Amino acid sequence: MGGPATHRMYLDTFDDAYRTDFTAEVLAVDGQHVVLDRTLFYPTGGGQPCDLGTMDGPTGRLEVRDVAGRGAVQHTVDADHALSVGDEVQGTIDWERRHAHMRMHTAQHLLSGLAYSLFEGARTVGNQIGAERSRLDLRPVTLNEGELDLLREGFDAAVAADIPLRMEVMQRQALIDEVGLERSNLDMIPASVDEMRIIRIGDEVDVCPCAGTHVRSLGELGRLGEVSVKSKGAGTKRLSYGLLRP
Ligand SMILES: [Zn+2]
């Protein structure tokens with residue numbers, strides 16, 4: 001479904017990632033898919049599952065069962081929704097689920113940044129966020145017991161220091177100049193994109209372009225919970241992790 005784009009409000013500021021209620025106008029309807037002019041619902045992508053919640057409109061309350069798409073964000077509701085273009089709706093996202101994803105996703109940034117500095121430029125080559133357990137794939141690493149201890153110590157120290165996150169808009173070349181092509185994961189972003197949203201933990205714990213949802217500072221994460229490591233072949237290891245309640 002193409003058409004007009006949805007303004008993704010959760011990207012505007014860190015505070016906007018903490019909002020749960022918003023009003024919006026229906027821009028398009030295609031079967032079960034409803035496109036709004038703006039939304040706080042995070043659409044599945046970048047390894048992070050979508051937000052769920054409800055949408056209240058002139059036809060009553062609807063469950064939002066799936067959210068997808070980056071340009072026109074499609075909110076999947078029951079087929080008998082009876083919404084029309086131009087209707088005003090009030091969206092409410094499931095905060096517990098969203099906040100769990102924000103913590104897990106921010107933890108992934110921290111683990112990626114720590115792995116890069118502790119393990120001689122180890123890169124993050126994949127990730128999947130979940131509310132209970134998340135994972136990231138690192139290469140090249142061995143992740144033996146001693147290295148896992150280092151990772152855990154670095155993680156818990158950064159959380160204890162409650163290091164704040166920052167958001168800025170940077171040009172592609174400025175990012176390459178600062179951290180190099182490899183670390184910035186810029187090869188994952190189309191060459192046509194020149195200006196990007198950068199998420200920074202402290203000054204140099206982690207710096208990367210990202211359109212996900214993050215917490216304001218690391219104290220919100222809690223300490224690293226149980227971790228496990230699985231080999232994914234040729235120097236690649238999959239690190240699974242949980243978080244303890246702060
Ligand atoms: Zn991110």
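Taken together, the values in this text are just the output of simple stated rules run on the coordinates, not laboratory data. Computed from a predicted structure; not experimentally measured. Virtual Cβ from ideal backbone geometry, glycine too; neighbours counted across all protein chains shown.
How many percent of DSSP beta bridges within the chain run antiparallel, rounded to 5? The partial results should precede the final answer.
Working: 53 of 55 bridges.
Counting only bridges with both partners in the chain, antiparallel ones make up about 95 percent.
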- Query: Given charges of +1 on the Cβ of Lys and Arg and -1 on the Cβ of Asp and Glu, with all other atoms neutral, how large is the dipole of the chain about its Cα centre, in debye to the nearest 20?
  - Reply: 700 debye
- Task: Could you compute the FRET efficiency for Gln90 and Ala160, with r as their C-beta to C-beta distance and R0 at 45 Å, rounded to 0.05?
- Result: 0.70
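Is it possible to state the helix-based mean residue ellipticity at 222 nm for the chain, with each DSSP H run of 4+ residues giving -39500 (n - 2.57), the sum divided by total residues, to the nearest 500 deg cm²/dmol? What is it?
On the way: 3 runs with 48 residues, N = 246.
It lands at -6500 deg cm²/dmol.
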- Considering only Met170, Ser228, Leu11, whose Cα is most displaced toward the positive end of the charge dipole of the chain, charges sitting on Cβ of Lys, Arg (+1) and Asp, Glu (-1)? Ser228
- Message: Students often check this: by mean Cβ neighbours within 10 Å, which of 187-193, 11-17 ranks highest, and how do the rest follow?
- Response: 11-17, 187-193
- Task: For a quick protection proxy, order the peptides 100-109, 162-171 by their average other-Cβ count within 10 Å, most packed first.
- Result: 100-109, 162-171
- Item | Principal-axis tilt of helix 95-118 within the chain, Cα atoms, nearest 10 degrees | 30 degrees
